[in-house]
Amino acid sequence: MKKALKFWDLVALEIGMTIGAGIFVFMPIAYKSAGAGTIMAFIFAFLPMAFIMINIMLLGSTLPTTGGTFKYGAFLFSPKAAFLGLWAYLFGAFVGLFPLNALALASYMKGIWNGLSLVPVALIVLTFFYLVNLLGLKMASRVEITAVALLFIAIAVYTVPGMGNIDSKNLETVFSAGPGTIIYASALLTFTFAGSNAVIELGGEVESAKKNLPLSVIFSLTVVLICYLMMAVVSFGVGGDTLENGTLNDVASNYLSGFLFYVFAFGGPILAIATTINATFMWGTRSLLALCRLHVFPSKLGSINRRGTPWVLLTIIWLLSSIMLISVGESGLNLFASFASIGGIAVIIPTMFAVFRLKRDPRLKEKAPAIVNRKWFGILPVLGTVFSMMIMLILLYQVGVDFSISFFLLFIVWEVLGMIYFLFRLKYLDRARKNPFSRNDLSAFDD
């Protein structure tokens with residue numbers, strides 16, 4: 001794969017992937033649980049995700065590779081656990097992430113143009129970004145940088161005048177939300193900081209990966225947290241209970257009008273969610289591509305077009321997400337959000353266990369950043385592993401409580417079917433002497 005991504009490409013990808021779903025989709029959903037306490041929930045969500053992302057950053061800078069989300073867990077921890085994590089991510093993407101963002105974008109567009117039909121518009125959105133990504137990673141990256149630049153203008157239009165219109169009474173309940181609601185809201189919002197995880201999927205396509213990967217993650221996480229807190233304070237301080245049944249556009253209409261309102265309405269939620277969809281198409285195929293190259297999936301599924309795009313996998317993702325969107329319809333926004341978060345954290349868990357190898361394996365220790373040699377380094381993977389597993393359990397429990405136990409069982413059945421397939425595939429690879437997991441080397445990370 002070509003080294004097409006530089007520092008600002010990475011920053012744009014990470015911020016675009018994160019802010020879209022973070023503020024404009026998940027915050028109104030979290031507000032229904034924690035009210036103004038969602039401001040604190042953002043902070044509590046950031047803390048565990050910071051530890052998780054530090055661990056991912058260490059792996060990414062030690063062994064930059066394409067499809068790292070699967071490779072790190074598979075070759076440094078357990079192939080079975082890594083496959084289950086990726087299989088859960090696929091469930092979250094098809095059943096949650098893509099339909100969620102497309103439907104949310106259509107909802108914001110409907111707020112500007114009354115009479116739009118949500119599901120058809122959402123399908124058009126998915127199809128547009130599918131076609132953009134068919135043209136190649138470089139084209140998709142340029143679209144991402146442009147959209148993120150416009151997004152920051154819209155955020156400034158929302159927050160700067162919004163700060164002057166805050167009613168302090170609306171923020172009096174920030175610390176009064178119950179611990180249970182804060183915990184669930186925090187678990188849900190952890191997904192809003194997971195955009196930086198995308199960079200390890202594209203590590204093999206990054207210029208100067210050992211330097212640019214960690215720097216971009218640190219920079220983007222800091223920027224994202226500041227944006228989240230500023231927008232949350234404005235949203236609750238100005239809007240009060242507006243987000244109970246409304247959107248950030250409804251909050252903005254309290255103090256923005258005319259040209260400035262439309263700058264925010266188009267450049268804010270619409271562009272933010274659009275960048276998330278585009279970024280997810282950019283990196284969402286990379287671990288699947290790695291599975292094809294490792295013969296876990298049929299190699300023909302990993303076919304690359306002349307622009308370097310794994311077009312078969314991209315088409316499968318687009319097709320299955322569209323089918324799910326049509327099947328569930330516009331009433332599934334909250335369900336989509338829950339499963340998107342579950343998939344996003346499940347795929348990280350095996351990666352957290354893989355970090356323990358950095359200090360134990362001499363081959364990795366030699367390549368790893370200097371921080372790995374510190375005496376206190378061992379606490380980082382411990383915290384990352386504990387936090388990721390706790391978040392996963394909270395989200396699964398809440399799906400059964402908020403929706404139906406049948407959705408929880410559906411997830412379990414999906415995982416069981418995935419493991420059955422993987423075990424049979426491993427037996428086939430052993431017979432064919434093509435099992436890549438039987439080798440005790442790091443050749444799988446050579447792109």
* Using the structure shown, decide if Ala346 is small (Gly, Ala, Ser), surrounded by 14 or more Cβ atoms within 10 Å (Cβ to Cβ), in contact with a helix residue (DSSP H, G or I) (Cβ under 6 Å, 6 or more places away or on another chain) and modelled with pLDDT of 85 or more. => yes
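Yes/no matrix, rows are residues, columns are (1) in contact with an Asp or Glu (Cβ under 8 Å, 6 or more places away or on another chain); (2) at pLDDT below 85:
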position	(1), (2)
Lys3	yes, yes
Lys6	yes, yes
Asp9	yes, yes
Ile15	no, yes
Ile19	no, yes
Val25	no, yes
Ala41	no, no
* With the condition kept exactly as written, say whether any residue in region 407-424 is in contact with a Pro (Cβ under 7 Å, 6 or more places away or on another chain) and of a type outside the set (Val, Ile, Thr). => no
* To do: Check off (1) among the hydrophobic types (A, V, I, L, M, F, W, C); (2) surrounded by fewer than 24 Cβ atoms within 10 Å (Cβ to Cβ); (3) within 30 Å of Phe424 (Cβ to Cβ) for Val119 and give me the number that stays unchecked.
  => (3)
* To do: For residues that are buried (at least 24 other Cβ atoms within 10 Å of the Cβ) and among the small types (Gly, Ala, Ser), scanning just region 290-321, find the one that is modelled with the highest pLDDT.
  => Ser321
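A quick yes/no check of all residues on (1) in a helix (DSSP H, G or I); (2) surrounded by fewer than 24 Cβ atoms within 10 Å (Cβ to Cβ); (3) over 16 Å from the mean Cα position of the chain (by Cα); (4) of a type outside the set (Val, Ile, Thr):
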residue: Trp8; (1), (2), (3), (4): yes, yes, yes, yes
residue: Met27; (1), (2), (3), (4): yes, no, no, yes
residue: Ile43; (1), (2), (3), (4): yes, yes, yes, no
residue: Ile52; (1), (2), (3), (4): yes, no, no, no
residue: Ile56; (1), (2), (3), (4): yes, no, no, no
residue: Tyr72; (1), (2), (3), (4): yes, no, yes, yes
residue: Gly85; (1), (2), (3), (4): yes, no, no, yes
residue: Ser107; (1), (2), (3), (4): yes, yes, yes, yes
* Out of Gly329, Gly384, Gly378, which single residue is among the small types (Gly, Ala, Ser) and modelled with pLDDT under 85? -> Gly329
* Has region 356-374 got at least one residue that is closer than 30 Å to Pro298 by Cβ, in contact with a Leu (Cβ under 8 Å, 6 or more places away or on another chain) and not β-branched (Val, Ile, Thr)? -> yes
* Select, from Gly418, Gly400, the only residue that is touching a helix residue (DSSP H, G or I) at 6+ places or on another chain (Cβ under 9 Å), part of a helix (DSSP H, G or I) and at pLDDT below 90. => Gly400
* Structure fact -> When (1) modelled with pLDDT of 90 or more; (2) surrounded by 24 or more Cβ atoms within 10 Å (Cβ to Cβ) are applied to Lys80, the one that fails is (2)
* Quick check, is Leu90 of a type in the set (A, V, I, L, M, F, W, C), in a helix (DSSP H, G or I), surrounded by fewer than 23 Cβ atoms within 10 Å (Cβ to Cβ) and modelled with pLDDT of 90 or more? -> no
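The values are calculated or read from the model by the stated rules, or taken from the named source; none is laboratory data. Nothing here was measured: the structure is a model prediction, and the numbers come from that model. Positions of Cβ are backbone-derived with ideal geometry, glycine not excepted, and every protein chain shown enters the neighbour counts.
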